[in-house]
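In what follows, a single structure is set out as structure tokens and then discussed.
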Amino acid sequence: MSWLATPFAPFGGTHAAIIAGAALVCLACGVAARRERARGGRSFADGFAGVVLGWNLLANLWWVLPENWVLDTSLPLHVCDLTNLLLPFAIWTRHRLLIAVVVLWGLGLSTQGFFTPTVNEAPADLRYWLFWMGHLTIAAGCCVIAGGVDYRPGWKDWGRVVLIGVAVVLAMMGFNAATGANYGYVGDRMPSSPTLIDRLGPWPLRVVWLVLIGSAAQALVVVLYPLLAGLIGLLSDVRARRRVRR
């Protein structure tokens with residue numbers, strides 16, 4: 001099929017279909033977690049976390065194989081990679097700081113990958129699916145937390161997560177300077193595809209803008225998160241009422 005060999009092009013029909021499909025999957029996961037939570041259970045959320053961890057271990061193993069090794073992408077050091085690795089433990093432990101990091105990084109930062117994706121491969125390339133699955137598991141995981149965990153982010157959470165983020169950025173800048181990589185997109189190179197970063201000016205000043213914009217995006221998550229949890233709750237209630245009528 002020709003579409004398997006066609007490299008991904010942003011802002012087209014395929015891109016829109018991916019976003020729409022991902023939104024449906026995320027909401028469905030959130031509703032499932034919410035309905036189980038209403039019954040006093042958590043097996044769906046915990047099982048989801050196990051699947052995410054297993055998938056991440058396999059994906060990271062694939063990336064470090066000699067034939068797939070690329071310094072810029074093979075180590076799990078991008079924000080999305082770190083969020084994916086933390087997500088299962090946040091769901092299992094329900095530790096507030098872990099959940100805060102996953103939710104604020106996941107919704108405030110990693111979802112940017114859906115709107116300005118850096119994937120250039122065609123569907124025939126496994127890298128294409130690794131990219132989209134890596135972002136889908138984060139977004140779906142945040143919806144699982146919104147539906148299945150009694151958590152609402154506050155400004156104290158925001159402040160702590162921003163400080164952690166600044167520490168990670170500084171560490172990534174040091175690693176990038178030593179290796180020539182571009183993890184976290186805070187190195188002295190642009191991403192492979194057009195993104196907001198292209199408009200932020202020269203390095204290293206653009207890193208400051210990245211931190212400020214990222215902090216603002218995470219603040220927006222604090223404000224809007226109750227709407228996501230409310231939507232998931234509403235959809236869960238509607239589905240429950242329909243089943244009762246039947």
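The values are calculated or read from the model by the stated rules, or taken from the named source; none is laboratory data. Note that the structure is predicted; figures quoted are calculated from it, not measured. Note: ideal-geometry Cβ built from the backbone for every residue, glycine included; neighbour counts use all protein chains shown. Just the protein is used for accessible areas: all its heavy atoms, side chains included, with ligands, DNA and RNA removed. Shrake-Rupley method; radii C 1.70, N 1.55, O 1.52, S 1.80 Å.
In summary, residue 4 fulfils each of the numbered conditions (1) open to solvent by 40 Å² or more (accessible area, probe 1.4 Å); (2) without any contact (Cβ under 8 Å) to a residue 60 or more places away in the chain; (3) over 22 Å from residue 107 (Cβ atoms); (4) of a type outside the set (Val, Ile, Thr) with the single exception of condition (2). Of all residue pairs spaced 6 or more apart or on separate chains, those with beta-carbon atoms under 8 Å, a first member in the stretch 190-209 that is assigned to a helix (DSSP H, G or I) and a second member that is open to solvent by 70 Å² or more (accessible area, probe 1.4 Å) and modelled with pLDDT under 80 are 197/190; 198/190. Being small (Gly, Ala, Ser) and touching a Gly at 6+ places or on another chain (Cβ under 8 Å) is the filter here, so list the residues in the stretch 91-112 that pass it. Scanning the stretch 91-112 gives 106, 108.
Among the residues of the stretch 73-95, those that are open to solvent by less than 10 Å² (accessible area, probe 1.4 Å) and of a type outside the set (A, V, I, L, M, F, W, C) comprise 74, 83, 84, 88. Every condition in (1) assigned to a helix (DSSP H, G or I); (2) open to solvent by less than 30 Å² (accessible area, probe 1.4 Å); (3) closer than 27 Å to residue 185 by Cα holds for residue 53 except the one numbered (2). Within the stretch 7-22, the set of residues being in a helix (DSSP H, G or I) and either open to solvent by less than 50 Å² (accessible area, probe 1.4 Å) or in contact (Cβ under 8 Å) with a residue 60 or more places away in the chain (or both) comprises 15, 18, 19, 21, 22. Of all residues in the stretch 35-50, count the ones that are open to solvent by 70 Å² or more (accessible area, probe 1.4 Å), in contact (Cβ under 8 Å) with a residue 40 or more places away in the chain and assigned to a helix (DSSP H, G or I). Here the count works out to 3.
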